[in-house]
Amino acid sequence: MTIADEGSGKPARTRRQIYEDGLRKRSLMIAGTSTVAVVLAIVLLVPLAPGWAAVKKSFFNWDVFSATFPKLLDAFLIDVMIFAWCAPAIAVLGLLIALARDVRNPALYPLRIFSAAFTDVFRGVPVVLTVYLIGFGIPGLGLPRPWNSPYIWGSLALILTYSAYVAEIFRSGIESIHPSQRAAAESLGLSRRDTMWYVILPQAVRRVVPANMNMLIALQKDVALLSFIGPVEIFRQAGVFKSLYANFTPYVGAAVIFLAITIPATRYADYLMAKQRRDRS
Amino acid sequence: MKLSLRDVQKTFGSNHVCKGISLDVQEGELVCLIGASGSGKSTFLRCINLLEPIDDGAVYLDGQDIAVPGLDPEPVRRRIGMVFQSYNLFPHMTAVENAMLAPRRVRGVSRDAIRPEVSALFERFGLGDRMEHYPDQLSGGQQQRVAIIRALAMRPEVMLFDEITSALDPQLVGEVLDVLLALKADGMTMVLATHEMGFAREAADKVCFLADGRIVEEGPPDVLFTAPKQPETQAFLERALK
């Protein structure tokens, strides 16, 4: 028996397609109903909490929000700036460290040791500690202006920490390339360096783009840690407003701004990751 | 003698893969290595172009020992092309870029200078319209032909083929074997590890049967296939030709 709709000219749907469409409709209904139920519960129940009026006034105050938000946006430009010069530096330093761990030349052995120690140390220390130690410690040597700027040393702290992670990501990418690629390159007479540069690295770097996107998102947030050593970026600016208005809403404003950047970026990273899985299967 | 191997020994840990293999290949000769999987054919081929450093023995190319420990393997590898079972094309480059990379980097020829020569190879082997394709846009047979072109672009004196048709669908095997026949007509010196008994029988000048890391028997195909002397060879051929 067929389900062909004779005469209508439409391609006939198979039994399987009809069954799957039914399933899809049903799960859509269930998902919709349960989402509405949960949202309603939150909207109705949370205001019943005894402290809600106070929380609403100090965290979700529209007047404070609209008064401080433009200034927070201005302050966020400083975060963007710090991010903009840290990210390329991290990419370069991370790649160099990843490559240094593979050098064969015995004269460069110290480099190999150094890069291994580097990744161990900077992955092992909390970022905020590194920011404090480098951000306060190095200017403490009595450097003249502008070399005592917290922007420089705070950025360096971020660059060092993130390079350590990114180096490990690059290294895992390099190791994920099948040895047969190296064999093919070497059988053509390519040198070790050319094999790495023209054959292994281009594939490895592409493969770790999604992982590195996640690092960029994390970096974007951690830029706020520099506020601890001076720069009046968005987090510190929000703190200033909090004291001024005796209200926490500026922190919510800052969170909104961060989310506006990180959510699209996260979605994009997920998209890249999914695309990569599709391409490889 | 173009290529001459003497008592080649290779172990991986406690696994003795090549237990003293000797082989002579004359200029323009096609030598086929046959034998069960794990008999040491692939490792032996990889020893010839020094992809695997040999533990003991010697490899002579034009009379010069190239397996001297400490000798730079790169200049030697330029003279010996190799094609692999799994093609091993560089997936991030187009077919033509795959073929031009080594001439550009190793021979120092510019893209413009090498392109006509490489294009001619693509045309000759029926891939003139596939040069700008990426490997994953090509069929297995096409990829393997690109891999052969990539090796030929270095103008090698000797070509090694490691079971290059084993990963192909049966209907694609012919187009790759045709390339080998064309190269043989050119006078290329070739060593081929293969399971294609029909091809070995028709095209080879010499066939070597390997088992357990040794050459058990070698000879011209019409002798080895019709009147093998060793019982091991007889047993293998009986199974392989069934």
With +1 at each Lys and Arg Cβ and -1 at each Asp and Glu Cβ, the charge dipole magnitude of chain A around its Cα centre, to the nearest 20 debye, comes out at 540 debye
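Charges only on Cβ, +1 for Lys and Arg, -1 for Asp and Glu: so what's the dipole of the protein assembly as shown about the Cα centre, in debye to the nearest 20?
Details: 55 positive and 51 negative charges, 454 e Å.
With only Lys, Arg, Asp and Glu charged at Cβ, the dipole is about 2180 debye.
Sort A:Arg236, B:Arg78 so the one with the fewest other Cβ atoms within 10 Å of its own Cβ comes first.
On the way: A:Arg236 18, B:Arg78 21.
Neighbour counts put them in this order, fewest first: A:Arg236, B:Arg78.
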Final fewest-first order of A:Tyr198, A:Tyr19 on the 10 Å Cβ neighbour count is A:Tyr19, A:Tyr198
The base-10 log of I(q)/I(0) that the Debye equation returns for chain B at q = 0.13 Å⁻¹, one scatterer per C-alpha, is -0.80
Computed over chain B, the relative contact order (Cα-Cα under 8 Å, seq sep at least six) in percent reads 28 percent
To the nearest 0.05, the calculated FRET efficiency linking A:Val46 and A:Asn148 through their beta-carbon distance, R0 being 45 Å, is 0.40
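For the protein assembly as shown, take the convex hull of the Cα atoms, compute a quarter of its surface area, and give me that in nm², please.
Values: hull surface 160.8 nm².
Average of the hull's projected areas for the protein assembly as shown equals 40.2 nm².
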With the dipole of the protein assembly as shown defined by +1 on each Lys or Arg Cβ and -1 on each Asp or Glu Cβ, the option from B:Pro116, B:Ile80, A:Ile18 whose Cα lies farthest towards the positive pole is A:Ile18
For A:Glu175, B:Glu196, ascending order of other Cβ atoms within 10 Å (fewest first) is A:Glu175, B:Glu196
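Relative contact order, percent, of chain A when contacts are C-alpha pairs under 8 Å separated by at least 6 residues? Intermediate values should be presented prior to the final figure.
Details: 249 pairs, mean separation 68.6, N = 281.
After rounding, I find 24 percent.
Would you work out the relative contact order for the range A:87-187, in percent, from Cα pairs under 8 angstrom that are 6 or more residues apart? Let's see the in-between values first.
On the way: 87 pairs, mean separation 40.3, N = 101.
Relative contact order for the range A:87-187 comes out at 40 percent.
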Quick note, the range B:80-130: a/c under 1.5 would make it rounded; otherwise a/b > b/c is prolate and the rest oblate (a ≥ b ≥ c, C-alpha gyration tensor); here it is oblate
Note to self, chain B gives a 222 nm [θ] from helices alone (DSSP H runs n ≥ 4, -39500 (n - 2.57) apiece, / all residues, nearest 500) of -11000 deg cm²/dmol
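Under a point-charge model restricted to the Cβ atoms of Lys and Arg (+1) and Asp and Glu (-1), what is the dipole moment magnitude of chain B relative to its Cα centre, in debye to the nearest 20? Let's see the in-between values first.
Working: 26 positive and 34 negative charges, 73 e Å.
Roughly 360 debye for chain B.
Hey, got the average number of other protein chain Cβ atoms within 10 angstrom for residues in B:131-140?
Details: counts 0, 0, 0, 0, 0, 1, 0, 0, 0, 0.
That works out to 0 on average.
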Pseudo-spin-label distance A:Ala218 to A:Thr266, built 7 Å along Cα→Cβ, given in nm, is 1.4 nm
So the pair-distance distribution of the range A:37-84, from every Cα-Cα distance in 5 Å bins, comes to percents of 5, 17, 14, 14, 14, 13, 11, 10, 3
To the nearest 0.05, the calculated FRET efficiency linking A:Lys56 and B:Leu181 through their beta-carbon distance, R0 being 56 Å, is 0.10
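Every read-out reported here was derived from the displayed coordinates using simple, explicitly stated rules and does not represent laboratory data. Worth saying up front: this structure is predicted, and the values here are computed from it rather than measured. Virtual Cβ from ideal backbone geometry, glycine too; neighbours counted across all protein chains shown.
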